[in-house]
Amino acid sequence: MRLLVIHGPNLNLLGTREPQIYGTQSLTDVDARLAQEAVALGVEVVCVQHNAEGAIIDELHAARGRFDGIALNPGAYTHYSYAIRDAVASIGVPTVELHLSNLYARAQHEPFRAISVVAPACRGTVAGFGIESYVLALRALTSLLGA
């Protein structure tokens, strides 16, 4: 089983970007944790990061026929990218949306975070568990796909 992990905008700054929200682990740390989990699950994981909306859409389109499932952290595009939502819906690859922080708790101070336009096209959403959100998303995908 092949799984694709797409890290969205600004995630390349993990570890230094608002550590009180996103933690102190870097994107390299996240990818290393995912590689470790992939071995435990007996799956192959490929991780990519893009800041540009179009690059994320291109990555989603290219996943058809190459990956069995996708774990997607769309970052701020979560709240307004109907283009990413439509790409997820169009490709027919089971996708789990994930977030390091709890969007709904943050929505108390940043109301725009209360809505994900991407979530309705996904099989599920994992949020609020820091780096473990990625691990939980991988586990969910392997369970959904019957591994």
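The values are calculated or read from the model by the stated rules, or taken from the named source; none is laboratory data. Quick caveat, the model's predicted, so the values are computed rather than measured. Virtual Cβ from ideal backbone geometry, glycine too; neighbours counted across all protein chains shown.
Values computed for the structure shown
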quantity	calculated
Hey, Ser90 among the polar types (S, T, N, Q) and over 15 Å from the mean Cα position of the chain (by Cα) or not	yes
Subset tally (residues that are among the β-branched types (Val, Ile, Thr), part of a loop (DSSP other than H, G, I, E, B) and either more than 30 Å from Asp68 (Cβ to Cβ) or free of Cβ contacts under 8 Å to residues at least 40 places away in the same chain (or both)) for the range 101-127	2
Index of the failed condition, Ala63 passing every other in (1) touching a strand residue (DSSP E or B) at 6+ places or on another chain (Cβ under 6 Å); (2) closer than 22 Å to Phe129 by Cβ	(2)
Pick from the range 26-45, criterion under 16 Å from Gly69 (Cα atoms), surrounded by fewer than 16 Cβ atoms within 10 Å (Cβ to Cβ) and touching a residue at least 24 places away in the same chain (Cβ under 8 Å), ranking: nearest to the chain's Cα centre (by Cα)	Glu44
Sole residue being under 21 Å from Asn12 (Cβ atoms) and touching a Pro at 6+ places or on another chain (Cβ under 9 Å), chosen from Glu97, Glu132, Glu37, Glu59	Glu97
Test: residue in the range 43-51 that is in contact with a Phe, Trp or Tyr (Cβ under 7 Å, 6 or more places away or on another chain) and within 21 Å of Arg113 (Cβ to Cβ)	no
Any chance Arg139 is farther than 27 Å from Ala40 by Cβ and either β-branched (Val, Ile, Thr) or within 16 Å of the chain's Cα centre (by Cα) (or both)	no
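Every residue, every condition in (1) within 19 Å of Val93 (Cα to Cα); (2) modelled with pLDDT of 95 or more, yes or no:
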{"position": "Leu14", "(1), (2)": "no, no"}
{"position": "Gln25", "(1), (2)": "no, no"}
{"position": "Ala32", "(1), (2)": "no, yes"}
{"position": "Gln49", "(1), (2)": "yes, yes"}
{"position": "Ile56", "(1), (2)": "yes, yes"}
{"position": "Glu59", "(1), (2)": "yes, yes"}
{"position": "Ala62", "(1), (2)": "yes, yes"}
{"position": "Phe67", "(1), (2)": "yes, yes"}
